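Coordinate-derived values only; no laboratory data. Being a predicted model, the structure only gives us computed values, none of them experimental. Ideal geometry is used to build each Cβ from the backbone, glycine not excepted, and the neighbour counts take in all protein chains shown.
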Amino acid sequence: MEISRRLFVKTTAVALASAAAAGTMSTMMGCSSGEVAPADGGTTTKTLAVCRFCGCGCGVIVESKDGKLISVTGDPDNGSNRGLNCVKGYYLVGALTGEDRLTKPLVREDKNLKGTMEGFREATWEEALDLVASKLRETWKNDKSRLAFWGSGQQPIVEGYCQAKFWKAGLLSNNIDPNARLCMASAVVGFMNVFQTDEPAGCYADIDETDVFVTWGANMAEAHPMLYSRLTARKLDNPDVLHYDLTTLVTRTSATATKVLRFNPGADLAIANAIANYIVSNKLYDEAFVNDHLQFKQGTENIGNATADDYDVTEPGNTVDATTSITLEEYAARLAPYTFEYASEISGVPAADIEELAKVFADPNKKVLSLWTMGVNQHNRGTWMNHCIYNIHLLTGKYAMPGNGAFSLTGQPTACGTAREVGTFCHRLPADLVVANEAHRRYSEAVWNLPEGYLDAIQKPGFHTVKMFRELSKGNIDFLWSAHNNWAVSMPNLTRFLGRGDKQGIFDAFICVSEVYPTLSTAYADVVLPAAMWVEREGAFGNGERRTAIFEKAIDPPGEAKWDLWMLMEIAKRVLEGETIDGVDAFDHLFGFIYDKEAGDFLGDQRETCRTAWEEYRTFSNPWLNERANAINESAGLKMDAKQLAPYDVYLEKHGLLWPVREVEGEWLETSWRFCDGEQADGFDQVGVATHGSQDLAKGISFYKSANQRPSVVFRPWEPPAETPSEEYPFWFCTGRLLEHWHTGSMTRRVAELDRALPEALLDMNPADCEKLGVVDGDMVRVKSRFGEVEIKVSTAGRTQPPEGLVFAPFFAEETLVNLAVQDTYCPLSKEPDFKKTTVSIEKI
Amino acid sequence: MNFSGIIAACLAGAAALKAVYDVATPSVVPLLPPGAKPDGGFASLCVKCGKCIEACPYQALHAAGAEAGAFAGAPCIDAREQACRLCADFPCIKACPTGALEDVASKADVRMGVAVINEETCLSFQGMRCEVCYRVCPLIDEAITIDYRKREGDSLHALFAPIIDEERCVGCGLCVERCVVSDPAPAIRIKPMNEE
């Protein structure tokens, strides 16, 4: 019987829903793949997965037959999405089946053709791996500061863990950083500064319980489709639920907000401080919460902007992290200038609107959930803005309780799970540990069975992302390897980094790119390694709400494409040839527990490999699994179990779990609300509070990870953006994401349906600006900044509606490379670039 | 006579009334360019010179085939292939030597047809977050709006239903061009102005 895809999907959805209702889903999905007989005969296999794309981290069920994917449907048993997808998830199959999948290793023969996909020849894996490893080893032996790995918030957890172990323990190099630096570094530094732990206290279920949504610099309707559906359902259920949208331009998110506070770029700091000022000066804060839980600080101010290459080592660049303690009264005095009128003057938002929002926050009977994304994080004061939001929530005691929270939404499927939790940053080690902390190095040495003091060689952080590419452009990097990202499209200031200006370093360095499709990044490569994609191998992602979830292998990769972990093992074994650690062969010391280097293969199958590597990684958060680590954890008071992870197979059985996961009476239970006392079985942090915290504090909260168990309210002033419009560059240029294409479109643009839906990147302009410039919808214009220029077609259709003086474009299209014109100025604390506020001129072509 | 018979009879009557310009009833009513004179005015004035077709910067216009009956050879649009982009200066109208295409004040005044959504095949109506038609609509929030509804049997998610405002939809067809559904047909189509 011929069955249409739509009918098939519908039938499947019903079957899955019934299975879920009957409680059989987990059993069916369990550790081994379920087999079902479809209507058209034969046998299809159902496997468990998580969507490949955004940070929502929606669970999906993958159906395959005869080595081919048939369908992807929402997983009703995954707590993050409960069975629903957006259009990207619906068409996920197409992301793997683009006609131009890379299936053979490519070696560049003609260096003069760098920047194009010409000049390559096909090579054997042996040749390609030998070449990459010899270049890496040569650079490593000559000068370790001249090598770099650029990873990703898409690199699955086990692969990221092994990559970090190879780079940090194997090569003793900190020149490793992920593309997550471009999207959530400000959130990370905010978390660390305020709470001394990198994690949101709440979870997606806060959406179902809050009374007021406040979106700050977030076009959630497009960038987080499923979460926005959930937000909308909450509003439909309760007509009294409010939504305030704080934004610099009207978006699809603004379209459904109760009230839109459209502010001048950078003025969010002034608005947040005005709200805090109102709350403090009128004594509307939660006094018990403040007394029990908070401490107050201020930090280095007038910090200028990180535009020049040497910013980090100059004054004040090297003192930006410094803070001093102040009293509540001193904090109040710092806030005092931020009246509603002053904030209104800076922001352009009516004072009455700011006051209205302040009163909402001050209302003790209203639960408030702040949600933010790149408008806050990609900000020349991104870390400060994160602080300012926490300040309001902490003062009013609206944090870490169901419906009350401040939540930084993530952009990539495992920015949290890998980049942050595994620690593929230039300053980090796994599980929130940092290289600069001696006890953290000792602990990592213990888990990795390294001699004491071995990691002291990496106590100084390496190059953060922007620094890495700036050094590359200057000819100071000889070897770059990138995987799971597309830096030639996603980095800012591409005019400089792609060698289209006076800095030509990209053409001299040896660049290896692991990829699934040809991209602009592979065009600059010397070697391209074809990778297995998504469910062509087993992996795990960690999404924005602390949910770790596994995706099972469903099909084989095409051609000679290989698992990234295999590539890593093969390169590591070559580079470490002849090296020893503590008298043992270095490779075997690090990876002998999963890989047989003589055989060139893993000791077990993919499931077993992932499970074994996970168990070692899990030791970081289960210190009692390693005697030496346990002793350091005790003596240094590291509280490593505060982020406890469960055994690998539990994640398969439960379709993902929010950490910390606690073993209570033989069952592994997740934690939805961190630091909030209550029954573990109901999702509260019972075990954590009982182990490390204090009970009976205000609102049943215990911030046991924070220094002195007190998160910090840090006063951060308004300071203007790095650039402001001038006669030469009169417009703000803001870039971002749209629903159909995920990030640089390297996968979604291969999906015919999504490509049809959004085939080109357009510059959204205000009609009044168009009239002034004499351009109309459909005209081509040149957008020019002091960093570079790009040609793009104007739209006044209104998908986003910028105010006069501001223009918006998405960054997914490599043929419309908006980042040629975007500044690489970054937040001085987080080193995350400000993609939202480059000033530009616009002229009709 | 059953209901469809009555409709057929009415259609036949209407066709007969239009016989002056409508010598052969088209089997497929074409989507005509913006500014096409209504009520048969276009058919009586269009000399099928092709100047509007040449003027269209998007190559959205082509000569209708034999299946268009009396409209064969007249300019028309296959919205799925290339929709009308509602150029600010309407070069097609400017190029028309006979007035078959007459001036329109703005894109909102164009009346080429009206979009119709097939709720059975539309992904948004199944609860998926799609709404591509809405986001590409050049008259977003006017010609297409979203009706936010509770999703049946799902306490956590909403249904984002795209709704066409027949008074304000101009029939440009960009929603049809961009619709992600194609099997068996796009989930949205334009009912041309002159289709009964």
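Per-residue HN-Hα couplings for segment A:256-265, Karplus 6.51 cos²θ - 1.76 cosθ + 1.60 at θ = phi - 60°, whole Hz, x for Gly and Pro?
Per-residue couplings from phi come out as 10, 6, 5, 8, 10, 9, 8, 10, 5, x Hz.
What is the sum of charges, Lys and Arg at +1 and Asp and Glu at -1, for the other residues whose Cβ falls under 9 Å from the Cβ of A:P265?
Values: positive: A:K836, A:K837; negative: A:D268.
The answer is +1.
Let's see if you can work this out: charge +1 on each Lys and Arg Cβ, -1 on each Asp and Glu Cβ, no other charges. What is the dipole magnitude of chain A about its Cα centre, in debye to the nearest 20? Numbers along the way, then the final one.
On the way: 83 positive and 116 negative charges, 175 e Å.
Result for chain A is approximately 840 debye, rounded to the nearest 20.
Check which residues have an amide H placed less than 5 Å from B:K191's amide H, if you skip close sequence neighbours.
Long-range HN contacts for B:K191: B:V114, B:A115, B:V116.
Once phi is turned into θ = phi - 60°, what whole-Hz ³J(HN,Hα) does the Karplus curve with 6.51, -1.76 and 1.60 give for every residue of segment A:306-314, x standing for Gly and Pro?
Once θ is set to phi - 60°, the couplings for segment A:306-314 become 8, 9, 6, 4, 9, 3, 4, 9, 9 Hz.
Can you flag which of B:K37/B:K94; A:K144/A:K168; A:K460/A:K836; A:K359/B:K150; A:K366/A:K398 are past 19 Å Cα-Cα?
On the way: B:K37/B:K94 14 Å; A:K144/A:K168 12 Å; A:K460/A:K836 31 Å; A:K359/B:K150 30 Å; A:K366/A:K398 9 Å.
Those over the limit are A:K460/A:K836; A:K359/B:K150.
Can you give the calculated 222 nm mean residue ellipticity of chain A, where each DSSP H run of n ≥ 4 adds -39,500 (n - 2.57) and the sum is split over every residue, rounded to the nearest 500 deg cm²/dmol? List each step's numbers first, then the result.
Values: 30 runs with 257 residues, N = 845.
Taking each H run of at least 4 residues, the total per residue is -8500 deg cm²/dmol.
Given an 8 Å cut-off on Cα distances and at least 6 residues of separation, report the relative contact order of segment A:731-822 as a percent. Could the numbers behind the result be given before it?
On the way: 169 pairs, mean separation 36.9, N = 92.
It rounds to 40 percent for segment A:731-822.
To the nearest 0.05, what FRET efficiency results for A:D240 and B:E152 with a Förster distance of 22 Å applied to their C-beta separation?
Details: r = 23 Å, r/R0 = 1.05.
Efficiency, from the Cβ-Cβ distance: 0.45.
Which angle between 0 and 90 degrees, to the nearest 10, do you get for helix B:3-17 versus the longest principal axis of chain B when only C-alpha atoms count?
Taking Cα atoms only, the helix is inclined about 30 degrees.
In a shell of Cβ-Cβ distance under 9 Å around A:V107, excluding A:V107 itself, what net charge do Lys and Arg (+1) and Asp and Glu (-1) give? Walk me through the numbers on the way to the answer.
On the way: positive: A:R108, A:R121; negative: A:E109, A:E122, A:E127, A:D526.
Around A:V107, the surrounding residues sum to -2.
With runs of 4+ DSSP H residues as the only contributors, calculate the mean residue ellipticity of chain B at 222 nm using -39,500 (n - 2.57) per run, divided by the residue total and rounded to the nearest 500.
On the way: 6 runs with 40 residues, N = 196.
Computed ellipticity for chain B at 222 nm equals -5000 deg cm²/dmol.
Per residue of segment A:202-211, in order, report the coupling 6.51 cos²θ - 1.76 cosθ + 1.60 (Karplus, θ = phi - 60°) as ³J(HN,Hα) in whole Hz, putting x for Gly and Pro.
x, 8, 4, 5, 4, 4, 6, 10, 7, 9
Considering only DSSP beta bridges with both partners in segment A:185-413, what is the antiparallel share in %, to the nearest 5?
Values: 5 of 23 bridges.
Taking every DSSP beta bridge within segment A:185-413, about 20 percent pair in antiparallel fashion.
B:V28 versus B:D103, label points 7 Å from Cα toward the beta carbon: distance in nm?
The modelled label-to-label distance comes out at 3.4 nm.
Count the net charge of all other residues whose Cβ sits under 9 Å from the Cβ of A:E471, scoring Lys and Arg as +1 and Asp and Glu as -1. All intermediate terms of the calculation are to be shown ahead of the outcome.
Values: positive: A:R146, A:K467, A:R470, A:K474; negative: A:D309.
After counting each charged neighbour, the total is +3.
Would you please give the residues with an amide H less than 5 Å from that of A:D526, counting only those at least 5 places away or on a separate chain, with H modeled from the backbone geometry?
Here A:I511, A:C512, A:V513 satisfy the definition.
Just to be sure I understand: if I project the alpha-carbon convex hull of segment B:3-192 onto a plane and average over all orientations, what area do I get in nm²?
On the way: hull surface 48.6 nm².
Averaged projected area of segment B:3-192's Cα convex hull equals 12.2 nm².
So for chain A: antiparallel DSSP bridges make up what percent, rounded to the nearest 5? Each step should come with its number before you reach the end.
Numbers: 56 of 104 bridges.
That works out to approximately 55 percent antiparallel.
If you stretched the chain out fully between A:E345 and A:D456, how much longer would it get, using 0.36 nm times the residue separation minus the C-alpha to C-alpha distance?
Details: separation 111, 0.36 × 111 = 39.96 nm, distance 5.06 nm.
Gain in length upon complete extension: 34.9 nm.
7 Å from Cα along Cα→Cβ at both A:K111 and A:S145: what's the point-to-point distance in nm?
It works out to 2.3 nm between the two label points.
Taking the Cα of A:L625, stepping 7 Å toward and past its beta carbon, and measuring to each backbone N in segment A:153-170: which are under 20 Å?
Inside the label zone: A:156-170.
List the residues, sorted by chain then number, that are 5 or more residues from A:L829 or on another chain and whose placed amide H is less than 5 Å from its amide H.
A:T383
Is there a simple number for the mean count of other chain Cβ atoms within 10 Å of the Cβ of residues in A:606-612, and what is it?
Details: counts 0, 0, 0, 0, 0, 0, 0.
Shielding by partners across A:606-612 averages 0.
If a paramagnetic tag sat 7 Å from the Cα of A:V664 along the Cα-Cβ line, which residues of segment A:695-723 would have the backbone N under 17 Å from that point?
Answer for this model: A:695-696, A:700-702.
Ignore the peptide's own chain and count Cβ atoms of other chains within 10 Å of each Cβ in B:181-188; give me the average, rounded. Present the calculation step by step, with values, prior to reporting the outcome.
Values: counts 2, 3, 3, 2, 0, 1, 0, 0.
Per residue, the number of nearby Cβ atoms from other chains is 1 on average.
Between B:E142 and A:R786, what FRET efficiency follows from the Cβ-Cβ distance if R0 is 35 Å, with the result rounded to 0.05? Before the final figure, lay out each step's value.
Working: r = 38 Å, r/R0 = 1.10.
Result of the calculation: an efficiency of 0.35.
At what distance in nm do the modelled label points of A:T103 and B:D183 sit from each other, each positioned 7 Å from its Cα along Cα→Cβ?
For A:T103 paired with B:D183, the spin-label model returns 2.2 nm.
Could you tell me which residue out of B:A187, B:S44, B:L139 lies farthest along the dipole of chain B toward its positive end? Charges go on the beta carbon: Lys and Arg +1, Asp and Glu -1, centred on the Cα centre.
Going by the Cα projections, it comes out as B:S44.
Shielding of B:154-164 by partners, i.e. mean partner chain Cβ atoms within 10 Å per residue?
Values: counts 8, 6, 15, 14, 12, 5, 6, 0, 0, 0, 0.
For this peptide, the per-residue mean of nearby foreign Cβ atoms is 6.
What FRET efficiency, computed as 1/(1 + (r/R0)^6) with R0 = 45 Å and r the Cβ-Cβ distance, is obtained for B:R111 and A:K283, rounded to the nearest 0.05?
Details: r = 61 Å, r/R0 = 1.36.
That pair, B:R111 with A:K283, gives E of 0.15.
So what's the gap between the Cα centers of segment A:190-263 and segment A:367-423, to the nearest angstrom?
11 Å
Determine, for A:K68, A:K366, the number of other Cβ atoms within 10 Å of each Cβ, and report the residues in order from fewest to most.
Values: A:K68 13, A:K366 19.
Listed from fewest to most nearby Cβ atoms, that is A:K68, A:K366.
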